[in-house]
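**Student:** Here it is, the structure, as structure tokens.
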Number of protein chains: 6
Amino acid sequence: MNPSQTNQERYDTGIETLKTMVGDHGVSMIKQIGEFFPDFGHTLIAFGFGDLYSRETLSIQQRETITITSLITQGAMEQLPFHLHAALNVGMRPEEILEIVLHCGGYAGFPKACGALDVVRKVFQERNIVLTHK
Amino acid sequence: MNPSQTNQERYDTGIETLKTMVGDHGVSMIKQIGEFFPDFGHTLIAFGFGDLYSRETLSIQQRETITITSLITQGAMEQLPFHLHAALNVGMRPEEILEIVLHCGGYAGFPKACGALDVVRKVFQERNIVLTHK
Amino acid sequence: MNPSQTNQERYDTGIETLKTMVGDHGVSMIKQIGEFFPDFGHTLIAFGFGDLYSRETLSIQQRETITITSLITQGAMEQLPFHLHAALNVGMRPEEILEIVLHCGGYAGFPKACGALDVVRKVFQERNIVLTHK
Amino acid sequence: MNPSQTNQERYDTGIETLKTMVGDHGVSMIKQIGEFFPDFGHTLIAFGFGDLYSRETLSIQQRETITITSLITQGAMEQLPFHLHAALNVGMRPEEILEIVLHCGGYAGFPKACGALDVVRKVFQERNIVLTHK
Amino acid sequence: MNPSQTNQERYDTGIETLKTMVGDHGVSMIKQIGEFFPDFGHTLIAFGFGDLYSRETLSIQQRETITITSLITQGAMEQLPFHLHAALNVGMRPEEILEIVLHCGGYAGFPKACGALDVVRKVFQERNIVLTHK
Amino acid sequence: MNPSQTNQERYDTGIETLKTMVGDHGVSMIKQIGEFFPDFGHTLIAFGFGDLYSRETLSIQQRETITITSLITQGAMEQLPFHLHAALNVGMRPEEILEIVLHCGGYAGFPKACGALDVVRKVFQERNIVLTHK
């Protein structure tokens, strides 16, 4: 961590990373949270996307694998669409996302995996993703 | 899924993958579970390591990222050492594992991350992993 | 615990406390649960609101802080509106509720906090609560 | 586990058990999952219903008691209707299901129990189940 | 619920049921909790064992199936030994307990099931339970 | 959030708040985490104790109520002693802590509450806290 980095710089870094992940539309969604509760919005962007997602060592794809797995495991299904879109935007293949869900079946239990698959299906439909299975 | 694959073949595939992940010592640990409750041991190996871990689309490194994240998120800390060893054995760098723990701080909460970091520290000590931080 | 207190008295105490928390409208909501499954309704009122919420040592405001935190942490978002209304009715300030959500971001993870904030926003809208942020 | 049993046979066993639990309509619901992600559908049927639900030692009623309890405890409420229908189809009495929910109130907390009771009420209405309480 | 039942009677009912489940030794373990925090001890006995475990509709065996499943699903492994002993005392067969653990593998995930199996193994050893697997 | 506040200032604020909560001994415990993984240690102090615990609107006592409730609800019992000591250091009465545990019994389930009470008992013993119950 850079000791002289300011909160404004953390926030700006977060916005940059967010843009890569979800584009201007996604950024404005997150900014709306900040209109209701500014310090929460600031924290989400400066800490979540500035401090964590912008770090090195892991790629954003790897971070999305972690986030999606954590969301499925804790049953936070309503937060999945945002991160499924982000994952696809940064280049994860749809097959990889399905594979995370199946792997989570064994490690977080099939009820969570079934709930997640339902959300994945809706996001894929929205993006016109059609998979041709062997 | 290959419709004509037998349970014996699923089990054998699981043992092969397990060997790559944790060597003969780890395999014998898992086999001990099977001595107490054979059908559980069989399922763990044939389903967990044969059906899931041996699948394509994601590498074993990616699968360990998913498993470790799920374990941290659900607080199953006592299952972490096995998978930390496996992750390191298949080539994950210690820095990547630390990074998963930090990212989970934001997404599963810091109590889970602190609990996990304590386990990671013990496993790194056991393996004489010394990190030199910039 | 008073050894000679009867179930009827525990229930009546629960109803009294419930009235303070959510008024007649809230009481009738809880009573509807009892129409479907009487022993569940009785337990919820006599145990939850009679035995627990009516105890001394902690104020109802403190108990709502505990309940709201527990609901966020376990992801029981659909139970939040009832307790957000109760918290506001017994005098918690909207700013305190927002602060609980932000604190939970660090301790239960941001996905749970984001999910909760969405519910808080709807309840504040319903009650025409407008916050002016510094 | 029969070492020579094939994946096809595990799947067929799963379909047979599923039919007993939820009839042709339920089977086709599960099969739809397989149309979106074939290997997930196969695993759910071959592993979940073939390997687990078809085992001896516990009856399907006992297994539904376990599944319903696990769903309530982990808050996977959206998966409850399928298993409530299955439980009633294999002969569990509505009173037993209510009793599971009340018992879970003490062991998984009342928020989860309240959330579950709401789902149970809807499923009972759908099936025209009317309980006359003493 | 009997409206005229007193707290003392609820407590006495709880003690009676507890005796059936865990004998005098188990009762004194629970009573020790009450020495540290009397109202908690009272509630655990009067509510947990008096109000819930003593109800009809489900047998104590069925209630132990529910409790054990809920403990495994929520990862409360340190509470398992008490209820495993209780389950065996009221006549559950060791094979049924193992079967609950395996079923939970699919529904709560294998990490929880592995953690639970470890506890079960220790309790079986303590009671000199030896299973001869076919 | 002050846009021009630097990471160093956030960290220093965190250290100040930590000192109030757990004294020099507690600060050095947290600093040890930073020796193993500096960025995690920094984040825990700058974000957890600097950004969250140092905020206004809620007192540190209220924040400990939230943290302790969240720890109990998510079953992170190994993190409890640190926060129980902090809560007592900032002036929470032992009776209030017991009361949180009992309230959590109803809202997070009795297994979590029993597990937590065991930890509380050990911390009270360590601090020679003796409660005389009416």
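**Student:** Counting only helical runs of four or more DSSP H residues, what would the 222 nm mean residue ellipticity of the protein assembly as shown come to if each run contributes -39,500 (n - 2.57) and the total is spread over all its residues?
**Tutor:** Per the formula, -23000 deg cm²/dmol.
**Student:** State, as an integer percentage, the relative contact order of chain F based on alpha-carbon contacts under 8 Å between residues 6 or more apart.
**Tutor:** 22
**Student:** Return the whole-Å distance between the Cα centroid of segment E:1-72 and the Cα centroid of segment C:7-70.
**Tutor:** Computed from Cα coordinates, the inter-centre distance equals 22 Å.
**Student:** Averaging over every viewing direction, what projected area does the convex hull of the Cα atoms of chain D cover, in nm²?
**Tutor:** 9.1
**Student:** Which ³J(HN,Hα) values, rounded to whole Hz and listed in residue order, are derived for segment C:26-35 from phi using the Karplus coefficients 6.51, -1.76 and 1.60 in 6.51 cos²θ - 1.76 cosθ + 1.60 with θ = phi - 60°, glycine and proline given as x?
**Tutor:** My calculation for segment C:26-35 gives x, 4, 5, 4, 5, 5, 4, 4, x, 6 Hz in order.
**Student:** Suppose you put the label 7 Å out from Cα in the Cβ direction; list, shortest first and in nm with one decimal, how far E:G23 is from each other copy's label.
**Tutor:** Ordered by increasing distance: 4.5, 4.5, 5.0, 5.8, 6.9 nm.
**Student:** 7 Å along Cα→Cβ for the label point: how many nanometres lie between E:D118 and each equivalent label in the other copies, listed shortest first?
**Tutor:** Those separations, rounded to one decimal, come out as 1.4, 1.4, 3.3, 3.6, 3.7 nm.
**Student:** Once the other residues with Cβ under 11 Å from the Cβ of C:Q74 are scored (Lys, Arg +1; Asp, Glu -1), what is the net sum?
**Tutor:** Local net charge: +3.
**Student:** Label points 7 Å out from Cα along the Cβ direction at E:I129 and A:Q125: separation in nm?
**Tutor:** About 4.6 nm separates the two model spin labels.
**Student:** To continue, here is another question. On average over all directions, what projected area in square nanometres does the protein assembly as shown have, based on the convex hull of its Cα atoms?
**Tutor:** 32.1
**Student:** Tell me, what is the Rg over Rh of segment B:1-57, with Rh the Kirkwood radius over Cα pairs?
**Tutor:** 0.97
**Student:** Could you list the square roots of 5 times each eigenvalue of the Cα gyration tensor of segment E:58-134, that is, the equivalent ellipsoid semi-axes, sorted largest first and rounded to whole Å?
**Tutor:** Output for segment E:58-134: semi-axes of 17, 15, 12 Å.
**Student:** For segment D:58-134, what's the relative contact order in percent, using C-alpha pairs closer than 8 Å and at least 6 residues apart?
**Tutor:** It rounds to 32 percent for segment D:58-134.
**Student:** What's the magnitude of the charge dipole for the protein assembly as shown around its Cα centre, counting Lys and Arg as +1 and Asp and Glu as -1 at the beta-carbon? Answer in Debye, nearest 20.
**Tutor:** 0
**Student:** With a 10 Å cut-off between alpha carbons and a GNM built on chain E, which of E:F40, E:F49, E:F124 moves the most?
**Tutor:** Among E:F40, E:F49, E:F124, the largest mean-square fluctuation in the Gaussian network model of chain E belongs to E:F40.
**Student:** Along the charge dipole of chain B, which of B:T69, B:A86, B:V130 sits closest to the positive end, that is, farthest toward it, with unit charges on the beta carbon of Lys, Arg, Asp and Glu (+1, +1, -1, -1)?
**Tutor:** Farthest towards the positive end: B:V130.
**Student:** If the only charges are +1 at each Lys and Arg Cβ and -1 at each Asp and Glu Cβ, what is the size of the charge dipole of chain A around the Cα centre, to the nearest 20 debye?
**Tutor:** Approximately 380 debye in magnitude.
**Student:** Where does the charge balance sit around C:I15 when Lys and Arg score +1, Asp and Glu -1, over other residues with C-beta under 14 Å from its C-beta?
**Tutor:** Within the 14 Å Cβ shell, the charges total -2.
Coordinate-derived values only; no laboratory data. This structure is a prediction, so every number in the text was calculated from the model and none was measured. Every residue, glycine as well, gets a Cβ built from its backbone with ideal geometry; the counts of neighbours run over all protein chains shown.
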